[in-house]
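A short write-up of the structure that comes next.
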């Protein structure tokens, strides 16, 4: 007789079992991603102000996991609380038994009283099982984006760039101006910025750089060493590539020229540490002009629930929070 499956909140002592489970759950299609969260599976979630994570157990063995956080975001010009569902994993040997649905139901119940406006999730293209699952639960494809893996040659020397030290009003003004017309953006104010930097260990203010033009910050970027959260291996190319990933977060710019200068400077800094820049972008946006033709690309789709279909066709500018990836 099979043991009963139970779903409950994740505990600190589940850490190693969750790391092992994550390594079994390969993501993607033609290009596959393998994650190693050692030594702390929960480090990814610490980038959020609050989160809830649950596990599915059978006979004391963890066979599934999922997480959710509630974020203050602007969508279609309205600020609200949105749920982001992430890290849904089921052991390959226990799939097609409804476990993903049970985990998702537990997480929905956990935020039922949070007063959310809607929910979203990201699915790597080629992960057909996840795409089918979120669509069956009423989620609709909202937008498609890509991750570019920029390794190899460094950018130009970062002339004129300096470390930013707690000039939060200036920095938040630049970030707010950068993303004013984007959807799914946080409220870029000094409180949000300071709390975000504090959570992005080991970033903080010491990892934030920028360049002034005529006395104002024209571009700023945070060098977030994501290898502190997870090691990433890409399969599908020759040879298999294991990288030390960096994200630029936060990232703000005044115009495309200063953005290109900032990206080049950031890549030079990252390459000097043997790191690899991972840059989320959409074809045609200012970031896409920086992506070399030979760069490795991984597609991903944002699924949303609640928004009407006609609204989805209008909203093309989406802020991609690196903490969500």
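Laboratory data are not the source of any read-out in this text; all were calculated from the coordinates shown. A quick note: this is a predicted structure, and the numbers were derived from the prediction, not measured. Counting neighbours? That spans all protein chains shown, and the Cβs are built from the backbone with ideal geometry, glycine included.
Key figures
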| read-out | value |
| --- | --- |
| Using alpha-carbon coordinates, inclination of helix 99-110 to the longest axis of the chain, degrees | 70 degrees |
| Using a Förster distance of 22 Å, the FRET efficiency for residue 273-residue 233 (Cβ separation, nearest 0.05) | 0.75 |
| Percent of C-alpha pairs per 10 Å bin, the stretch 12-68, short to long | 20, 53, 25, 2 |
| Peptides ranked, highest mean first, by Cβ atoms within 10 Å: ranges 286-299, 267-280 | 267-280, 286-299 |
| Rg in Å to one decimal, and Dmax rounded to a whole Å, for the stretch 148-300 via C-alpha atoms | 15.2, 47 |
| Förster-model FRET efficiency, 56 Å R0, residue 189 and residue 293, C-beta, rounded to 0.05 | 0.90 |
| Helix 256-271 vs. the chain, principal-axis angle (Cα, 0 to 90°, nearest 10) | 70 degrees |
| Spin-label pair residue 198/residue 96, simplified geometry with 7 Å Cα→Cβ offset, distance in nm | 4.9 nm |
| Centroid-to-centroid separation of the stretch 124-201 and the stretch 34-49 [C-alpha atoms, Å] | 17 Å |
| 20 Å reach of a label modelled at residue 167, 7 Å along Cα-to-Cβ, counting backbone N of the stretch 198-219 | 198, 204-219 |
| Rounded, prolate or oblate (a/c below 1.5 giving rounded, otherwise prolate when a/b exceeds b/c) for the stretch 43-136 by Cα gyration tensor | prolate |
| Crossing angle, helix 190-199 versus the chain [Cα axis fit, 0-90 degrees, rounded to tens] | 60 degrees |
| MRE, 222 nm, helices only [DSSP H, n ≥ 4, -39500 (n - 2.57), over the chain, to nearest 500] | -7000 deg cm²/dmol |
| Theoretical FRET efficiency, 1/(1+(r/R0)^6), r = Cβ-Cβ of residue 159 and residue 13, R0 45 Å, to 0.05 | 0.35 |
| Stokes-Einstein translational diffusion, the chain - Kirkwood Rh over all Cα pairs, 0.890 mPa s, 25 °C, in µm²/s | 119 µm²/s |
| Share, in percent, of DSSP beta bridges within the chain that are antiparallel, nearest 5 | 90 percent |
| Beta bridges by DSSP in the stretch 5-146, antiparallel share as percent, to the nearest 5 | 90 percent |
